[in-house]
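In what follows, a structure is listed as structure tokens, so that the remarks can point back to it.
None of the figures in this text is laboratory data; all of them are computed from the coordinates on show. Model, not experiment: these values are computed from the prediction. Methodologically, a virtual Cβ is constructed for each residue, glycine included, from the backbone with ideal geometry; neighbour enumeration extends over all protein chains shown.
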Amino acid sequence: MKAWAVVEAGAPLELLDFPTPEPTGSEVLVEVTHAGVCHSDLHFWKGEYNMGGGKVMKLSERGVTLPRAPGHEISGRVVAVGPDATGVSIGDQRVVYPWLGCGECVHCQAEEDNMCQKQRALGVIQNGGFGSHVLVPHPRYLIDAEGVDPGLAATYACSGITTYSAISKVMPMSPDAPIALIGAGGVGLMAIAMLKAMGHRAIYSVDLSAEKRAAADEAGAVAIDGAGDGVAERVLAATGGPVLAVLDFVGNSQTATNGMAMLDKGGTLVIVGVTGGDLTLSLATMVFRIYSVVGSNTGSLKDLRAVVKLAQEGKLKPTPVTLCPKDHANEAMMELKAGHVTGRTVLV
């Protein structure tokens, strides 16, 4: 199999040949037809995460070895199955759940592989969608998204479930209670579509980019400029007061601080993005105002089924997808790094 792979942190991806996996047991081999390009792929390419306080987490310390093909938003065609794989047939088009766990712990048994302590995620621990093929350990990780464009469906494996999981952490809410979204990139736009699919009406989207604010406005949110000082004040002026929920899809010191300043009593700030930084909290204020600060990391297999169902029912409006030849993977990554992508770039 061929794959555009990270060979060195921060260096251009290289097109390499890997042995094509042969499925055994319950394994399924999927030929990748569509692979989304996500900010997490940029972190993987960079090889580290800013953990705040001057600390850096190296992916090499988390079991990642190079070369490795990134890509975890995957849609593809089943091309081979192990002798114990049931429920799928060669030729089936499926969305691949990438956040694989050990398959045996209590979290994995509850279809919450993203909570597993022994991650073996596609595009991180194993070669992912920037390759021509991925090996999936069991058919349960393959979701039938019939009726949904496969390029869009691929984005549901990360952008979709990350959004769904984050929103779930602040629900139930009145559909007319204001909710603030920080960041109108691929996940931020997905959040607008997801909230509207759930019947929510009061959605406020903050971003630095005028182009992305225009996309948020077109998607049905009130778009607010996130540049400079006074961001929280602009949001509160638009919403008419503090809000019960803020979803931070950027996740740095400034956005989290702004998010806290927007919260009403009893409100929840959900940190989704991993740009890096710190958040200083007054413990007494946390008590008096009953704030919650919650982390949210991707989503579960159950979440992926729920997102696909929303799309198949016609409730989840499509978010912008730009198709790009896989041989332009480097250019797609650099466009994303530069902040020039509205919605999602999907490699084909």
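The label-point distance for His328 and Glu48, in a model that sets each label 7 Å from Cα toward Cβ, rounds to 3.2 nm. Within the chain, antiparallel bridges make up roughly 55 percent of the DSSP beta bridges whose residues both belong there. Between Arg140 and Ala177, the simple spin-label model (points 7 angstrom out along Cα→Cβ) gives 3.3 nm.
In this simple spin-label approximation, Ala227 and Val56 carry label points 7 Å from Cα along the Cα→Cβ vector, and these lie 3.0 nm apart.
What FRET efficiency would be calculated for the residue pair Cys102, Ala237, taking the C-beta separation as r and a Förster radius of 35 Å, to the nearest 0.05? Kindly include the intermediate steps, with their values, before the conclusion.
Details: r = 49 Å, r/R0 = 1.39.
Result of the calculation: an efficiency of 0.10.
Most tightly packed first, judged by the mean number of other beta-carbon atoms within 10 Å of their residues, the peptides 250-262, 292-304 read 250-262, 292-304.
By the rule of a C-alpha distance below 19 Å, with chain neighbours fewer than 8 residues away ignored, the lysines paired with Lys212 are Lys196, Lys317, Lys337. Return a whole-number percent for the relative contact order of the chain, with Cα pairs under 8 Å and 6 or more residues apart as the contact set. Once divided by the residue count of the chain, the mean separation gives 19 percent.
Rounded to the nearest 20, the size of the Cβ-charge dipole of the chain about its Cα centre is 580 debye, with Lys and Arg at +1 and Asp and Glu at -1. Projecting the Cα atoms of Ser174, Gly276, Val287 onto the charge dipole of the chain (Cβ charges, centred on the Cα centre) puts Val287 farthest toward the positive pole.
Across segment 284-289, rounded Karplus estimates of 3J(HN,Hα) from the backbone phi angles (6.51 cos²θ - 1.76 cosθ + 1.60, θ = phi - 60°) give 5, 5, 4, 6, 5, 9 Hz, Gly and Pro being marked x. Since only Leu122, Thr86, Cys102 are under comparison, the one whose Cα sits farthest along the positive direction of the charge dipole of segment 57-130, derived from C-beta charges on Lys, Arg, Asp and Glu, is Leu122.
Helix 253-262 and the longest principal axis of the Cα set of the chain meet at an angle near 50°. Once Cα extents along the principal axes in Å is calculated for the structure shown, the corresponding label among [x] 65, 46, 39; [y] 59, 43, 40; [z] 63, 52, 40 turns out to be [y].
Peptides 161-168, 236-243 ranked from most to least packed by the mean count of surrounding Cβ atoms within 10 Å: 161-168, 236-243. By how many degrees, 0 to 90 and rounded to 10, does the Cα axis of helix 301-312 deviate from the longest principal axis of the chain? That helix lies at roughly 80 degrees to the long axis.
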